[in-house]
Amino acid sequence: MTVPSTFVHASRDLERFLLDARDELGHATTHQTWQSVLAVLITFRARLTPAAGLAFADALPPLLAAMVLQDWDLGQPTKPFAERAALAREAMAFRGDHSILPENGIADVARALRRHVEPQAFERALAKLPPGAREFWAV
């Protein structure tokens, strides 16, 4: 069996996503972008059960899925979805004083992410998630 192209091209696809997200976020480097994207993904993940997190990760390119799943403390309670402003504050606080995620960072990452996923698979995954998930990724 052939190695799926999504895995063969995973690094290239991640780099393309990070460049796209960098431009959306207005960051200077993909290193800054990595931290901002991670903050958004972790903020979203905090509202998911492990099963829901796996369903969401399945709709992402492999290395973005890995970002969602890395270092997940499954013992943490699931948080409820909140208004976008509260979610933005949580994401901006992810790295404390080192955060450079702008207030509109969730929407910026959502715009970039939607250009790098298969739209129907992404929507199917969101439909399986708790109320608030679709609004989180709205652009």
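I need the full set of residues from segment 1-45 which are β-branched (Val, Ile, Thr) and either open to solvent by less than 70 Å² (accessible area, probe 1.4 Å) or assigned to a helix (DSSP H, G or I) (or both), in order please.
Restricting attention to segment 1-45, the residues satisfying the condition of being β-branched (Val, Ile, Thr) are 2-3, 6, 8, 29-30, 33, 37, 40, 42-43.
Listed by number, the residues that qualify are THR6, VAL8, THR29, THR30, THR33, VAL37, VAL40, ILE42, THR43.
Out of all the residues in segment 22-35, is one or more out of contact with any helix residue (DSSP H, G or I) (no Cβ under 7 Å at 6 or more places or on another chain) and charged (D, E, K, R)?
Yes: segment 22-35 contains one or more residues that are out of contact with any helix residue (DSSP H, G or I) (no Cβ under 7 Å at 6 or more places or on another chain) and charged (D, E, K, R).
Taking segment 47-83 as the search range and keeping residues that are in contact with a Phe, Trp or Tyr (Cβ under 8 Å, 6 or more places away or on another chain) and either open to solvent by 50 Å² or more (accessible area, probe 1.4 Å) or among the β-branched types (Val, Ile, Thr) (or both), which one is farthest from PRO4 (Cα to Cα)?
Checking each candidate, the answer is PRO50.
Go through segment 1-39 and report how many residues are of a type in the set (Val, Ile, Thr) and farther than 21 Å from GLU118 by Cβ. Reasoning before the result, please.
Here is the first cut: in segment 1-39, the residues of a type in the set (Val, Ile, Thr) are 2-3, 6, 8, 29-30, 33, 37.
Checking which are farther than 21 Å from GLU118 by Cβ leaves us with 29-30, 33.
Count: 3.
So which of ALA110, ALA93 ends up being small (Gly, Ala, Ser), touching a residue at least 24 places away in the same chain (Cβ under 8 Å) and either open to solvent by 50 Å² or more (accessible area, probe 1.4 Å) or out of contact with any strand residue (DSSP E or B) (no Cβ under 9 Å at 6 or more places or on another chain) (or both)? Break it down stepwise before answering.
Working: ALA93 fails: touching a residue at least 24 places away in the same chain (Cβ under 8 Å).
Just one listed residue meets the conditions, ALA110.
Tell me which residues, restricted to segment 48-99, are in a loop (DSSP other than H, G, I, E, B), of a type in the set (A, V, I, L, M, F, W, C), closer than 24 Å to THR30 by Cβ and within 14 Å of the chain's Cα centre (by Cα). Let's see the steps before the verdict.
Taking segment 48-99 and keeping what is in a loop (DSSP other than H, G, I, E, B), we get 48-49, 58-61, 70-83, 93-95, 99.
Now drop any that are not of a type in the set (A, V, I, L, M, F, W, C), which leaves 48, 59-60, 72, 74, 81-82, 93-94.
Checking the rest, the ones that are also closer than 24 Å to THR30 by Cβ come to 59-60, 72, 93-94.
Selection gives ALA59, LEU60, TRP72, PHE94.
The values are calculated or read from the model by the stated rules, or taken from the named source; none is laboratory data. On a predicted model such as this, the values are computed, not experimentally measured, just so you know. Cβ coordinates were reconstructed from backbone atoms using ideal geometry, including for glycine residues, and neighbour counts include every protein chain displayed. All accessible areas refer to the heavy atoms of the entire protein, side chains included, with ligands and DNA or RNA removed. Shrake-Rupley method; radii C 1.70, N 1.55, O 1.52, S 1.80 Å.
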